[in-house]
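What follows draws every value from the coordinates through simple rules; no lab data is involved. The shown structure was predicted, so the numbers you read here are calculated from the model rather than taken from an experiment. No Cβ is skipped: glycine too gets one built from the backbone with ideal geometry, and neighbour counts run over all protein chains shown.
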Amino acid sequence: MNQEFNEAKKRKEENLNSFVWRFKKEYTDNGPVQNEIKLVDCSLEELKNFHNICKTMLYNKDYHTPGRYLLLEVIKEQRAKCNAELFLRWLSEKNGMPRFVFCQSLNEFLAINADKFKESGINPDEYEMNGIMKDCPIEFATLPSKLVIEGCLDQLGRFERKPITNSFILKQGLNLTSAEKKDLTEYDSNGVLVDKFVVIKNRLKLKSTRGLKMSYQGLSYSQFRAMITLRSKKYMDLTSEQLKTLRDKVLFLLEKEVKLHIEQWENRSRQIEQVAKSKGWSL
């Protein structure tokens with residue numbers, strides 16, 4: 001029994017000894033350097049500082065530098081707003097219905113049915129488009145009336161690109177269509193075929209395409225270009241290609257990455273707590 005206890009204790013100590021805190025990378029003439037320290041070698045103040053960093057990265061409420069949990073909410077909101085803007089463009093382009101006309105009709109519908117909503121305990125702000133329009137396309141069916149009205153009035157606000165970095169976009173890779181492969185085919189002055197990554201770099205004025213690769217799961221060139229040229233601006237000012245790429249693919253990919261970051265920061269936080277507990281310290 002004592003042997004089993006001692007072995008379990010030893011495994012725990014070995015596990016604690018494997019926990020490290022990695023500092024921010026520093027770039028030198030010889031390339032990037034990232035220092036690290038074992039958590040068991042840290043003082044109480046150092047552990048408290050690292051623990052606070054973990055909590056900030058997870059729970060910060062500042063919209064401009066959101067913690068990962070808040071960022072998940074932001075991504076969900078961005079996806080819904082992209083969809084609302086696309087819905088209003090669909091109404092205009094496919095059905096010839098201007099925003100102000102639909103806004104007026106929607107407000108009238110909500111006013112006429114106000115008593116019914118009250119009796120049924122329905123929040124009119126949350127009433128969905130599939131209850132208002134016949135044959136509403138499935139991608140727009142669950143849009144709430146409040147969000148659609150905000151879109152009609154150009155009150156969706158500003159799309160913030162900050163979390164969608166160029167390195168994140170490059171990491172997604174490219175999956176070129178046949179037409180895009182043909183369009184991106186160029187020859188130099190000596191008649192030598194130019195590498196497509198070089199063509200893309202030149203056309204989009206990229207400083208580097210490091211990390212970019214071909215992948216069957218990647219973005220088409222059209223989608224890639226839409227994201228590289230994406231800037232923080234009003235939803236109404238984004239192109240339809242940008243809105244669709246964000247709604248259908250990129251925001252889901254970003255959501256997946258943020259969830260991975262949450263797992264990593266939660267794990268670091270637990271490791272710090274385990275080390276502090278082993279030393280009898282309170283964080």
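Under the convention that each Lys and Arg Cβ holds +1 and each Asp and Glu Cβ holds -1, the size of the dipole of segment 65-111 around its Cα centre is about 180 debye. Comparing 133, 282, 178 along the charge dipole axis of the chain, the residue lying farthest to the positive side is 178, per the Cβ-charge model.
Net charge of the neighbourhood of residue 47, taken over other residues with C-beta under 14 Å away and scored Lys/Arg +1, Asp/Glu -1, is +3. Residue exposure proxy: 205, 48, 181, ordered by other Cβ atoms within 10 angstrom of their Cβ from fewest to most, comes out as 205, 181, 48. Based on C-alpha pairs under 8 angstrom that are at least 6 apart in sequence, the chain has a relative contact order of 23 percent.
Each of 19, 110, 83 was scored by the projection of its Cα onto the charge dipole of the chain, and the greatest displacement toward the positive side belongs to 19; charges sit on the C-beta of Lys, Arg, Asp and Glu. Report the residue, chosen from 82, 54, 42, that carries the largest GNM mean-square fluctuation when the chain is represented by alpha-carbon nodes joined by springs under 10 Å. Maximum fluctuation in the GNM of the chain, among the listed residues, is at 42. Shape analysis of the chain places it in the oblate category; the axes a ≥ b ≥ c from the Cα gyration tensor give an a/c of at least 1.5, with a/b not above b/c. Shown is the FRET efficiency for residue 283 and residue 175, computed with R0 = 51 Å from the Cβ-Cβ distance and rounded to the nearest 0.05: 0.65.
Computed over neighbours whose Cβ is under 9 Å from that of residue 21, the net charge equals +1, Lys and Arg +1, Asp and Glu -1. Compute the FRET efficiency between residue 222 and residue 264 as 1/(1 + (r/R0)^6), taking r as their Cβ-Cβ distance and R0 = 41 Å, and round to the nearest 0.05. Efficiency at R0 = 41 Å is approximately 0.80.
Any chance you could count the Lys pairs in segment 79-202 whose alpha carbons are under 17 Å apart, treating pairs 8 or more apart or on different chains as valid? Within segment 79-202, the lysine pair count is 11. For segment 167-283, a simple Cβ point-charge model (Lys and Arg +1, Asp and Glu -1, everything else neutral) yields a dipole of about 300 debye relative to the Cα centre.
The mean sequence separation of alpha-carbon pairs under 8 Å and at least six residues apart, normalised by the residue count of segment 160-261, gives a relative contact order of 35 percent. Give a quick list of trypsin sites (Lys or Arg not before Pro) in segment 60-124 that DSSP marks as loop, anything other than H, G, I, E or B, with at most 15 other Cβ atoms within 10 Å. Sites meeting the loop and neighbour criteria: 61. Of the chymotrypsin sites (Phe, Trp or Tyr not before Pro) found in segment 194-283, those in coil by DSSP whose Cβ has at most 11 other Cβ atoms within 10 Å are 216. Each Lys or Arg adds one and each Asp or Glu subtracts one; over the other residues with Cβ under 15 Å from the Cβ of residue 122, this totals -2. Scanning the chain for cysteines with no neighbouring cysteine C-beta under 4.7 angstrom from their C-beta gives 42, 54, 82, 136. Distant-in-sequence amide contacts of residue 20, defined by a placed amide H-H separation under 5 Å and a gap of 5 or more residues or a different chain, comprise 39.
According to the square roots a ≥ b ≥ c of the eigenvalues of the Cα gyration tensor, what is the shape class of segment 149-283, taking rounded for a/c under 1.5, prolate for a/b larger than b/c otherwise, and oblate for the remainder? Oblate, because a/c is 1.5 or more while a/b does not exceed b/c. Charged side chains reduced to their Cβ positions (Lys and Arg at +1, Asp and Glu at -1) give segment 166-228 a dipole of some 280 debye around its Cα centre.
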